[in-house]
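Below is one structure; the comments refer to it alone.
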Amino acid sequence: MSHRIRFIPGCAGVVILRTSLPPESKICISTGFAGADFSAAKLVRARLRECRFTGARADSADFSLVSAPNSDFGGVEFQSVKFYQADLARGNFFRAKLVDCNFSESVLSFADFSSSSLENSRFGGANLTTANLTGAILSGARELTGQQLGAARTAADTTLPNGVRGPYRKGSGSERPLVRPLIRFHSE
């Protein structure tokens, strides 16, 4: 199989394009995207191995089906980003702001989300085995189960989906976000 290797200006790494595969199968290895703005970007099915996104920003980007194991997302500010079925295993998300993001059916095993904000994000079917959620803010996080939180690492400084401080305790119900009643005003 033939490969073309191309250096991307402004990136500290190599992009390998496999000529016999469709364009969405590009592979980025050890590439630096620090400080980049990914707002509205579509990286669907991208293969990003050991890449650095530190300090990057994104609003409404689509990282669905991305394979990015061992990548560094430390300190990113992502709002409403889709990570549907993404492989983010062993990723670093230390002090990341990942608000209203969709991690449904993603592989987040062994990822470090310590001191991160994951407020109002979705986790339906995500693999959180041994994910580090110490100090993470999960307020309003949806579709989390007791089994998922039980498989992850939480601590006293973790804010659970219902707003209560951790650690997560089986059967506590703290995996469910706090539901605020809808208040209606009637005019007479």
Note to self: Within 14 Å, Cβ to Cβ, of Ala96, how many net charges do the neighbouring residues add up to if Lys/Arg are +1 and Asp/Glu are -1?
What the structure shows: -1
Note to self: Under the rule of at least 5 residues apart or a separate chain, name every residue whose amide H is placed under 5 Å from the amide H of Arg52.
What the structure shows: Thr31, Gly32, Phe33, Asp72
Note to self: If you wrap a convex hull around the alpha carbons of segment 57-188, what volume per residue comes out, as a whole number of Å³?
What the structure shows: 109
Check: At what distance in nm do the modelled label points of Asn70 and Thr129 sit from each other, each positioned 7 Å from its Cα along Cα→Cβ?
Finding: 1.9
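No value in this document is a laboratory result; all are computed from the given coordinates. Quick caveat: nothing in here was measured; it's all calculated off a predicted structure. Cβ atoms come from the backbone with ideal geometry, glycine included; neighbour counts cover every protein chain shown.
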